[in-house]
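Q: I'd like to ask some things about the structure below.
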Amino acid sequence: MVYRDVTRSNHSDDPRKDGGAKLSNLAAPGDRLAAAIIDISVILAPLVLLVSSPFQLLFVRSLLLNQEVEFLLSVTAIATVVLILTVSYMTMMNSLVGGTLGKLVFGLRVLGIWDQKKLSVPAAFFRSLTWLLSLAFALLPFLAVLSDNKRRPWHDRIADSIVVSVNKANFGSPNVFEKMFVQSVLGSVAALVLVSSMAIGPTVWNGILDSGLLPFGDSKFASYCDEVDYAMDEWPRVETVSEEKRLNIVLTLFAAGEVSKSCLEKEAQKFIDVKSSENATAYLAQAFVHSENPELSNQYLSKVCDLSPESSSCTMSKVVEDWSDSKWSSVEAHFASFVEHTPLHISVWALRHFIERREFAKAEDFLNKLASQPSLANFLAQQRVRILAGTGRDRELNAVAVTAIESLSSEGRLRVAEKMCDFHSKADSCAGTKSQPCQLLKKESLGDHSILVSAGTAIQVARVIACEDDEEDYKKLLALLPMQESHDYAVAVKAKLEGRVNEARGEFERLARLPDVSSKMRKQVEVELLLLLESADELYASVEDWRQEEPDLDWGVRGEALLENATRSGDYDQAMKIAELLIDERFRKTSILRPYVYSLLQSKKMKEAQTLLQSEWGVAQLVDAGKSPRRGLASELPGQSDLDTHMEKLMKHYRSGVAL
């Protein structure tokens, strides 16, 4: 069958059809471009902005808060609005009136190439959809209006349509210059794509292999840890290949406690398989993996410096060796050797080291270097809380904790709440368990018992339960504790709070003797027993033993317990000696300042107490614990009236009952 050429100029169609348009009068490219500009700027853009306005707010918020899920949802929603409105507008206009508003303004019509009539709804729909799809190809399909004999781009071919002009007669096929222009553009684009692919192709291919998305290839390309995959996209750009970058990331996440030792082991082995050669950083990772086997771990550490004696990995291996030998000055010298650039995983270890050594100013310096890493947000929030608590900056501590609890992931929120609940309960005993962090832990544990597997969380929740006033509520909550050690701890704390000291001591001693008690619970029980020492001889012996120990954070916690006991038992000379030793070892906290000032006041050392309160530390830290914002003696230098007022507060505190 032979089709007649409906585009020839001698075709005898009725000039009155479709506004007098003849299929021989092809639309000029300039008119089509101008019509598209009108459609986009006058009709579609305002309409899209109006309908998508709720999603635009979500989009801006996701960018500011770096929320990936909200960002993807907002972009998808806006793209959907664009698709629906554009396709609907063009389909309706082309099928009903033979052209969009822009085309009507310039006297253009969209007609079926075979029947010379307006398009059917399905044909108009597919034409509109293909027109929108052409935008995704950098507008290149539209160049057909300068090269195709009938000036028909993809969307016209899909719909069997042609765009003609009502006003301009005999605008025919493209000339040779138009076709040459299109050929030059396409040639330039092809050359650009070729050069770009040669430049970035290997990097892209390595990224695809690293992602583990391909269903073929060796197992070395598999992805072992989701946390590392997420961190790869947000980590700072470094001048290293992707395998080395990934290994440094997993080392950093491991140092921060964000990935397991199993993850580190698999990622290190993957790195070795990919490189097929020895590598200092990989051996450092293996040393951490085998930390429970000192002999094997030390072999890996020695290989690190053998392979690369000037590398940061070698320096870190020396840090690990000095940690084992408690050579603290040497450790600090190694960390100080990183003057200009400290690898992130070493910054994490340095941060943890200086917090344990109570060098909070140095710890804060390393914390600030890590502050821009979203993958470390949970870890950094917890360390900031520890630094602020350790330096007694209670106002900042409360502000940071409130922000962290509202913005962190579920796990990070619980860890911060755990530390803050401990802070409030120590400051205000049972009144402190009514604080937001403690109540958050209680609420979350009732909804998900699995979080109580963490000994630290279980201890805080057990304290909250023990402080329940209603006996029925206490028994119901007690039955929910999944682990026997946290159940027994809550029972012992309850006995202590109710004045059944011998019963409480017996429960704590029994709990301390159990072989399978977690290390954190065992340390907490030791502190509880120190708080329950009754005789002066017991207190004196415990203080002497404590003095001989190596000062660390656990030592400081036990010292606080002894200080609290000495203060409550009226042994103010002993209390002042303990407080002075804690201060000498850089423990400068409100929980130490309060009993120290109280002991000075009770010993009639008014001048010393006033001097302490008027010192930089005293003025900055002596505030009502557990409340925010806090006002009182911290607002101005205290005088005698302030001392009298604070004396009343301290008397009330130390007569209020047994400390948690």
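The values are calculated or read from the model by the stated rules, or taken from the named source; none is laboratory data. Everything quoted here is computed from the prediction, not taken from an experiment. Note that each Cβ is placed from the backbone with ideal geometry, even for glycine, and that neighbours are counted across all protein chains shown. In case anyone asks, the SASA skips ligands and DNA or RNA and just uses the protein heavy atoms, side chains included. Shrake-Rupley method; radii C 1.70, N 1.55, O 1.52, S 1.80 Å.
Q: Based on the alpha carbon coordinates of segment 29-174, what radius of gyration and maximum Cα-Cα distance (Dmax) apply, in Å?
A: 17.3, 58
Q: Residues of segment 29-174: accessible area per residue at 1.4 Å, in Å²?
A: Result: 52 Å² of accessible area for each residue.
Q: Of 316, 93, which has the most accessible area and how do the rest follow, probe 1.4 Å?
A: 93, 316
Q: For segment 441-451, in order, what is each residue's ³J(HN,Hα) by Karplus, 6.51 cos²θ - 1.76 cosθ + 1.60 with θ = phi - 60°, in whole Hz (x at glycine and Pro)?
A: 4, 4, 5, 5, 5, 5, x, 9, 5, 5, 5
Q: How far is the Cα center of segment 74-119 from the Cα center of segment 513-558, in Å?
A: Here the two parts' Cα centres lie 80 Å apart.
Q: Charges only on Cβ, +1 for Lys and Arg, -1 for Asp and Glu: so what's the dipole of segment 29-174 about the Cα centre, in debye to the nearest 20?
A: For this selection, approximately 500 debye.
Q: If the limit is 18 Å between Cα atoms, which of 369/419; 103/168; 426/604 go over it?
A: Listed pairs above 18 Å: 369/419; 426/604.
Q: With all protein chains present, calculate the accessible area of residue 180 using a 1.4 Å probe and round the result to the nearest 10 Å².
A: So the heavy atoms of residue 180 present about 110 Å² to solvent.
Q: Let me ask you something else. In segment 238-359, what percent of the accessible surface is made up of carbon and sulfur (1.4 Å probe, ligands and nucleic acids excluded)?
A: Ligands and nucleic acids excluded, carbon and sulfur give 46 percent.
Q: Report the full-extension gain for the segment residue 121 to residue 341: residue separation times 0.36 nm, less the Cα-Cα distance, to one decimal in nm.
A: That works out to 72.8 nm of additional length.
Q: Can you give the charge dipole size of segment 344-478 about its Cα centre, rounded to the nearest 20 debye, using +1 on the beta carbon of Lys and Arg and -1 on the beta carbon of Asp and Glu?
A: That gives a dipole near 560 debye.
Q: Write down, largest first, the equivalent ellipsoid semi-axes of segment 238-359 in whole Å, where each equals the square root of 5 times an eigenvalue of the alpha-carbon gyration tensor.
A: In descending order, the three semi-axes are 22, 16, 15 Å.
Q: Taking amide H positions as placed 1.01 Å from N in the peptide plane, with prolines and chain starts having none, which residues 5 or more places from residue 108, or on another chain, fall under 5 Å of its amide H?
A: Long-range HN contacts for residue 108: 166.
Q: Among the listed pairs 318/577; 245/362; 261/523, which are separated by more than 32 Å between their Cα atoms?
A: Flagged as over cut-off: 318/577.
Q: Also: Between residue 409 and residue 60, with labels modelled 7 Å along Cα→Cβ, what's the label distance in nm to one decimal, could you check?
A: 3.0
Q: Based on the mean of other beta carbon atoms within 10 Å per residue, what is the order of 475-484, 259-268, 344-353, most packed first?
A: 344-353, 259-268, 475-484
Q: Now a separate question. With a ≥ b ≥ c taken as the square roots of the eigenvalues of the C-alpha gyration tensor of segment 281-347, please select rounded if a/c is under 1.5 and otherwise prolate if a/b is larger than b/c or oblate if it is not?
A: Because a/c hits 1.5 or more and a/b fails to exceed b/c, segment 281-347 counts as oblate.
Q: While we're on this one: Along the charge dipole of segment 238-359, Cβ charges K/R +1 and D/E -1, which of 304, 320, 251 sits furthest on the positive end?
A: Final value for the positive-end residue is 251.
Q: Moving to a separate point now. By how many nm would the segment from residue 356 to residue 180 lengthen if fully extended, with 0.36 nm per residue of separation less the alpha-carbon distance?
A: Result: 56.1 nm gained on full extension.
Q: Here's something else I'd like to know. Please give, to one decimal in nm, the separation of the simple spin-label points placed at residue 498 and residue 443, each 7 Å out from Cα toward the Cβ.
A: Output for this residue pair reads 2.9 nm.
Q: If I stretch the segment between residue 262 and residue 536 completely, what's the gain in nm (0.36 nm per residue apart, minus their alpha carbon distance), one decimal?
A: 93.7 nm
Q: Only four residue types carry charge here, +1 at the Cβ of Lys and Arg and -1 at the Cβ of Asp and Glu. Report the dipole size of segment 238-359 about the Cα centre in Debye, rounded to the nearest 20.
A: Its charge dipole is roughly 240 debye.
Q: Over segment 238-359, give the accessible area per residue in Å² for a 1.4 Å probe, as an integer.
A: Result: 45 Å² of accessible area for each residue.
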